[in-house]
Amino acid sequence: MPDPLPSSQLGGFSPSPPLLEALNHHLSFKSGDSVAIALSGGADSAMLAVHAHIWASRRQVTLHFFHIHHGLQAIADQWQQHVHDLAVRLQRPCHSLRVQVQPRSLSADGMESAARDARYQGLAQLAQFVGLQHVLLAHHQDDQAETVLMRLLRGTGTTGLGAMAPHMQRDHLNYWRPWLDQPRARILQASDEFAAATAWHAVQDPTNINPDYTRGAVRDLLTPVLDARWPGWQSLLQRQAQLSRETQEVLDSVASQDWQTLESDEAGRSFSLSAWRQLEPARQSMVIRYWLQKQDAGLPTQARLAELLRQLRGVHAQGHDRNLIWKHGPHLIRCVRGRVQIEPVDLLNQNDGFKADQASE
């Protein structure tokens, strides 16, 4: 199909066929749909913006660029202007938002996590402002492999090993990652060719290889060793993530069927203790995880989950043990008249005679 774009926009740059085909394969938007690119200005997101620009032009999809300014580095103001320069070159609307990062702790990883949360909140605000529901993210095969590796080192289960999903929903938005099967080397090659053709160069974020951050340590310390000893390890771990997601889908299906036998209330906030005890131990654990996720309560650590299971298995058959009240983040789990229920943690302030399990999470 002829490219309808003015050649002056791309300076003679030829898009990478595999990167463009990945968009064709993983995205199904049609004429009139509105989509945004989360654009930091780095090579990955910039190349996603350029290739999505070509892809959207051919399909008459409305495309916006979203840039989140975290305010964490002095050079960030220049990055914002640099992103807008690319948007002007491609004649695409670009929307920037400065966010306030609230670090969870003084550690580098705490700051990284807080910045990620602020970024998603900012993207949600921009999406609401523009009036769209779809955002593309530039995560690629190397990112996915690093995520699997980090979660292995944290001792995560099948859910965690699924790493980043090609599609996810958060804050009523649909996020798409069409390049999870694309190696970063291919993206960097496209970035270099684009820079040669247009003189627009992607920005370099020094935190990406800062070993103070977990992901930076993986890139700086582990990746060179893995590349030398096991070439192509990224594709193997990306495949592992895909298999883990497929396995988790089967487990979720089993847990959903088990949940239907637990005589839950209409809101799904409580279930029958005696019915739950009819399940095999492994399925008891699995359905508890399923229940917590349905209630947006998050997953506890393995040790914390084991303690909850121990208490539920040991409580009186009718659930009359008034000492069983288990704190999980902003939630409480307890047994009342033979039913296991979840409720807001502020009920701890009521003088109802219950004793909270204050074990650290």
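The values are calculated or read from the model by the stated rules, or taken from the named source; none is laboratory data. Quantities reported herein were computed from a predicted structural model and do not represent experimental measurements. Here the Cβ positions follow ideal geometry from the backbone for every residue, glycine too, while neighbour counts run over all protein chains shown.
Please find, within the stretch 210-233, the residue that is surrounded by the fewest Cβ atoms within 10 Å (Cβ to Cβ) out of those that are of a type in the set (D, E) and modelled with pLDDT under 90.
Ranking the candidates gives D212 first.
Can you tell me which residue among L299, L308, L279 is surrounded by 14 or more Cβ atoms within 10 Å (Cβ to Cβ) and modelled with pLDDT of 95 or more?
Exactly one of L299, L308, L279 is surrounded by 14 or more Cβ atoms within 10 Å (Cβ to Cβ) and modelled with pLDDT of 95 or more, namely L279.
Of all residues in the stretch 331-361, count the ones that are modelled with pLDDT under 85 and outside any strand (DSSP E or B).
17
Can you tell me which residue in the stretch 52-77 is farthest from R119 (Cα to Cα), limited to those that are touching a strand residue (DSSP E or B) at 6+ places or on another chain (Cβ under 9 Å) and either in a helix (DSSP H, G or I) or not assigned by TED's automatic domain parsing to the domain that holds Y120 (or both)? Working first, answer last.
Going through the stretch 52-77, the residues touching a strand residue (DSSP E or B) at 6+ places or on another chain (Cβ under 9 Å) turn out to be 52-53, 55-57, 61-71, 76-77.
Filter again for either in a helix (DSSP H, G or I) or not assigned by TED's automatic domain parsing to the domain that holds Y120 (or both), leaving 52-53, 55-57, 76-77.
Values: A52: 21, H53: 22, W55: 25, A56: 24, S57: 27, A76: 14, D77: 16 Å.
Within the stretch 52-77, the match that is farthest from R119 (Cα to Cα) is S57.
Considering the stretch 25-49 alone, what residues qualify as being outside any loop (DSSP other than H, G, I, E, B) and acidic (D, E)?
Correct list: D44 only.
Do we have S270 as under 29 Å from Q169 (Cβ atoms), touching a residue at least 60 places away in the same chain (Cβ under 8 Å), buried (at least 16 other Cβ atoms within 10 Å of the Cβ) and in contact with a Lys or Arg (Cβ under 8 Å, 6 or more places away or on another chain) here?
Answer is yes for this residue.
The rows are residues; the columns are (1) under 18 Å from S40 (Cα atoms); (2) part of a loop (DSSP other than H, G, I, E, B); (3) outside the structural domain of R289 (by TED's automatic domain parsing).
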| position | (1), (2), (3) |
| --- | --- |
| I187 | yes, no, yes |
| A217 | no, no, yes |
| D220 | no, no, yes |
| P231 | no, yes, yes |
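Could you list, in sequence order, all residues of the stretch 200-215 that are in a loop (DSSP other than H, G, I, E, B) and under 17 Å from H139 (Cβ atoms)?
Once the filter is applied, which keeps residues that are in a loop (DSSP other than H, G, I, E, B) and under 17 Å from H139 (Cβ atoms), the stretch 200-215 yields A202, D205, Y213.
Being among the basic types (K, R), part of a helix (DSSP H, G or I) and surrounded by fewer than 17 Cβ atoms within 10 Å (Cβ to Cβ) is the filter here, so list the residues in the stretch 108-163 that pass it.
Here is the first cut: in the stretch 108-163, the ones among the basic types (K, R) are 116, 119, 151, 154.
After this cut, where a residue has to be part of a helix (DSSP H, G or I) as well, the list is 116, 119, 151.
Result: R116, single match.
Kindly evaluate D321 against the criterion of being acidic (D, E), under 31 Å from the mean Cα position of the chain (by Cα) and either over 16 Å from D258 (Cβ atoms) or modelled with pLDDT of 90 or more (or both).
So D321 does not fit the description; no.
Return yes when L137 is more than 12 Å from the chain's Cα centre (by Cα) and either closer than 16 Å to A241 by Cβ or in contact (Cβ under 8 Å) with a residue 40 or more places away in the chain (or both) and no when it is not.
Judged against the criteria, L137 is not a match.
Among the listed residues W259, W276, W200, W230, which satisfies the condition of being over 23 Å from the mean Cα position of the chain (by Cα) and within 30 Å of L10 (Cα to Cα)?
Exactly one of W259, W276, W200, W230 is over 23 Å from the mean Cα position of the chain (by Cα) and within 30 Å of L10 (Cα to Cα), namely W200.
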